[in-house]
Structures are given as C-alpha cells and as structure tokens.
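Colleague: Here you go, one structure.
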Amino acid sequence: MSEPRPFRSFVSPSRYVQGAGAISLLGELIAPLCASPVILADNNVWGFSGDAVTESLRKAGLDEVRISFGGRATDREIASVSSQLTERGADLVVGLGGGSTLDTAKAAGSDAGIPWVTVPTTASTDAPGTGVAVIYTDEGVLDHFRILGRNPALVLVDSQYVANAPVSFLIAGIGDALSTWLEARASGGAGRALVSGFQAPATGLAAAELSWTILRENALQAIADVKEHKVTPALDNVIEANILLSGLGFEAGGLSVAHSVHNGLTVAEQTHGLQHGEKVNIGSIVQLILDGAPDSEINDFISFTTRVGLPTSLTELGLSIQDTETLNAVARRTTLEDEFVHTMPFTVTPQIIVDALTEVETRSRAVREREGLPAPVKYEHRR
Ligand SMILES: [Zn+2]
C-alpha cells in the first residue's frame, strides 16, 4: 500500500435519522434539498413502504415519482437509471431497499450529477452512509468498487422495517460491523492510508471502536428482538452500529485483512449465496490470526460470532481444507496488489492466507467442542 497523504480526513453522510416509524419523515427531511425527487425501489419493498412514502411526500408538497428497480447494481442498470433520472428532471434520487438498490441509486445519482438519499430497509451492511458503491457483473459476481467522492445527503432508517426483515440480514450486518474495529486498528490506527488515500482521524477510529463495544453488548439481545419483530433499545443500538458507526469506522478508520479475505472468498462459487457480512466474518478471524492476537482473543471472537449465528468455519461456507485448489484461488484474489491486506506490516503471501484459512477451520471446531456448541455444517443459503 502507498503511504497516506499527510492529512487527516473524515467523511460521513450529511444527516442520519433512525427510529421506528422514521419513514414518515422522508418528505419533511428531503423537502429542503429538492423539488423533483425520484424514488428507486423494487416492487417488493414498494409493497410494504409505498403508501407511507407517498403520504410523507404529499405532506411535504412533493410528488411521488418512482423508478421500479428490477435487477442488480451493474454498469448497465446504473446507466439506465441515470438516464431515466435525467429524462425526468430529477434533482435528487432516493434509494429505498436493500444493498443493490442503494448502490444503484448512489452510482446513478453520481452519474446524473444530483445528490442521493439512502433508505435501507435492512441493517445488513454498513454501505448506506458511505461514498462507495459495489458494482456487479450481469452474472451477479462482484466486479469492482466505485469511489464516488460524495456521501448521501441523508440516511433514513426505519427501525420497524429492520425488525420486520429476516433476522439473517441483521446477523450479516453484525458480521460486517464487527470487522470494522479489527480492521481500523490494524490499518488507519497503524498509520496506513484510508480508502481515500488520507490518514485516519481519531474520530474514525473512535467510531469503529464504539461500533465494536455496542455490538458486544447488544447483538444477542437485538437478534432475539428481531425474531419477534420488536424494535427495542438493543435493536436500535445495533442498527446504529451496523449502519452508521461501521460506515464511519471503515471510511475514516481504514480497511485491512478482513475485507480482502471477503473479496477473495467471492471467487469460490460455493460462497455466492452467502451475504457480504457472513463472508467478512471469516475474514475477521483471519485478521486476528495475522495480527498475532492472543489465543484467548481469537477463540473468544469465534465463540461470540458462532453464538451470533455467523459462519466461523470453512465448512459452513461449503469449503474444505482438502480443497487446496479453491483455497489457493481465494488466497490469490485476497492478495492482489491493490488489496487492503497489504496494510499489514509484513508481506502477506497467498500461502499465509491458505494457512490462516486452515487454522480458522481447526480452531472453530476446537472452540465449539470445548464450549459444547454444535459442530459446523454447511449453511443453507438464506439470502
Ligand atoms: Zn463491509
């Protein structure tokens, strides 16, 4: 990795609003920003949110104009949405829904030269508040990241939507957010460059660490609450950690091994049904191993995230330590030249990654056996 530019830099969404029923505030919050907003949402999300969105816009004197999102965040889809925004004279785009919808709204808004607002209906990643969009191929394979250079004008999270969504989304978001402090302390905290090329401010590192603390204290309770579709203080704490703090913590704290391992795992077809945060959790364990963390810390992380319901073994991903061909392919992708794995203070070779992935499997089995947790089995893909 190149040395950071000698300036500290903090980025964030301009505004963040969260709580049960917050969707009713959409019109009021965007009215000062626009005259002709356009909503991007798929039919499923529009089915449970459309009436509330329309009513909220009407109260603020805004018309409801929607583009129906039907696909993936691909270059082709983004170009199509961007030209529709321009044709309709949109001066702001609201992405309403899951990760692909939000990424498409961000990138299309950027291309159309207008601000964007994100309204995530799950807490499954930390992407909604960030200036990064994940672009896929038409086949659904991770293609590249777009650094937009701007963040959303508003992130609006209705906690009731998060509580109504399948719990696997919240669990994946916890996996994504738990990686944030582990990566920030190894990256920005160790003087390495942020995604933006700048240095990490203390604010970014503090956000990352706070996300970690909140999740350790609230994650298990919040998971129980979402299973009953209840919005509670524990759930609101976890939503804030998953979406706001984790996003601030990675953009202004830095990425490292965990997300590079995630990117590596995407080359294994077995993992394609898994969510981002589920794969990231394997990366977090590899991060701890490469950090040289004490046994007790690594094992405690495995124990905690197993209880959360995240994968902590290769077996759960559908991989095995005997499949050296796949593990080598994962390791090669993980260690590509521009990957954040190279924020580590030593040269990370593919063999180091293969060895660490093997250790993940053996450690996870040992921890489970010692703690009376069930042995790992391949995940039912639940996306
Ligand atoms: Zn992530």
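The values are calculated or read from the model by the stated rules, or taken from the named source; none is laboratory data. Every value quoted in this text rests on a predicted model; they were computed, and no experiment measured them. Glycine gets a Cβ as well: all are built from the backbone with ideal geometry, and neighbour counts include every protein chain shown. Accessible surface areas use protein heavy atoms only, side chains included; no ligands, DNA or RNA. Shrake-Rupley method; radii C 1.70, N 1.55, O 1.52, S 1.80 Å.
Colleague: Where in segment 201-282 are there helices (runs of 4 or more DSSP H), lying wholly inside it, with at least 3 residues that are within 13 Å of the ligand (Cβ to nearest atom) and within 17 Å of the chain's Cα centre (by Cα)?
Modeller: Output list reads 246-251, 257-265.
Colleague: Moving on to the next point. Can you tell me which residue is surrounded by the most Cβ atoms within 10 Å (Cβ to Cβ) among those in segment 126-147 that are modelled with pLDDT of 95 or more and in a loop (DSSP other than H, G, I, E, B)?
Modeller: ASP126
Colleague: Oh, and also: Select from segment 229-246 the residues that are among the small types (Gly, Ala, Ser) and either over 21 Å from MET344 (Cα atoms) or surrounded by fewer than 24 Cβ atoms within 10 Å (Cβ to Cβ) (or both) and list them in ascending order.
Modeller: Correct list: ALA234, ALA241.
Colleague: Checking VAL267 against (1) crowded, with 19+ Cβ neighbours inside 10 Å; (2) under 17 Å from ILE353 (Cβ atoms), only one condition comes out false. Which one?
Modeller: Among (1) crowded, with 19+ Cβ neighbours inside 10 Å; (2) under 17 Å from ILE353 (Cβ atoms), VAL267 violates only (1).
Colleague: Wholly within segment 6-104, which strands (runs of 3 or more DSSP E) include no fewer than the required count, namely at least 3 residues that are of a type in the set (A, V, I, L, M)?
Modeller: Working: elements: 16-19, 37-41, 66-68, 92-97.
Because the criterion is at least 3 residues that are of a type in the set (A, V, I, L, M), the strands (runs of 3 or more DSSP E) in segment 6-104 that meet it are 37-41, 92-97.
Colleague: Could you please give the count of residues in segment 135-171 that are small (Gly, Ala, Ser) and closer than 19 Å to ALA73 by Cα? Steps first, please.
Modeller: Here is the first cut: in segment 135-171, the residues small (Gly, Ala, Ser) are 140, 149, 153, 159, 163, 165, 168.
Narrowing further to those that are closer than 19 Å to ALA73 by Cα: 140, 149.
Qualifying residue count, segment 135-171: 2.
The rows are residues; the columns are (1) in contact with a strand residue (DSSP E or B) (Cβ under 8 Å, 6 or more places away or on another chain); (2) open to solvent by 50 Å² or more (accessible area, probe 1.4 Å); (3) over 25 Å from ARG185 (Cβ atoms).
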site	(1), (2), (3)
ALA206	no, yes, no
LEU220	no, yes, no
ALA224	no, no, yes
GLY277	no, no, no
ALA293	no, no, no
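Colleague: A further question follows. Taking the condition open to solvent by less than 10 Å² (accessible area, probe 1.4 Å) and away from the ligand (no atom under 16 Å from the Cβ), does ILE289 pass? Reasoning before the result, please.
Modeller: Working: open to solvent by less than 10 Å² (accessible area, probe 1.4 Å): no; away from the ligand (no atom under 16 Å from the Cβ): yes.
Considered against the rule, which asks whether it is open to solvent by less than 10 Å² (accessible area, probe 1.4 Å) and away from the ligand (no atom under 16 Å from the Cβ), ILE289 comes out as no.
Colleague: Can I ask one more? Might you check whether a residue that is of a type in the set (A, V, I, L, M) and within 20 Å of HIS272 (Cα to Cα) occurs anywhere in segment 77-95?
Modeller: Within segment 77-95 (the criterion being of a type in the set (A, V, I, L, M) and within 20 Å of HIS272 (Cα to Cα)), the answer is no, since none of the residues qualifies.
Colleague: Which of (1) in a loop (DSSP other than H, G, I, E, B); (2) out of contact with any Pro (no Cβ under 8 Å at 6 or more places or on another chain) does THR312 not meet, given it meets every other one?
Modeller: Condition not satisfied by THR312: (2).
Colleague: Name every residue in segment 77-135 that is away from the ligand (no atom under 16 Å from the Cβ) and closer than 23 Å to GLY21 by Cα, in order of residue number.
Modeller: Within segment 77-135, LEU92, VAL93, VAL94, GLY95, LEU96, GLY97, THR101, ALA105, TRP116, VAL117, VAL119, THR121 qualify.
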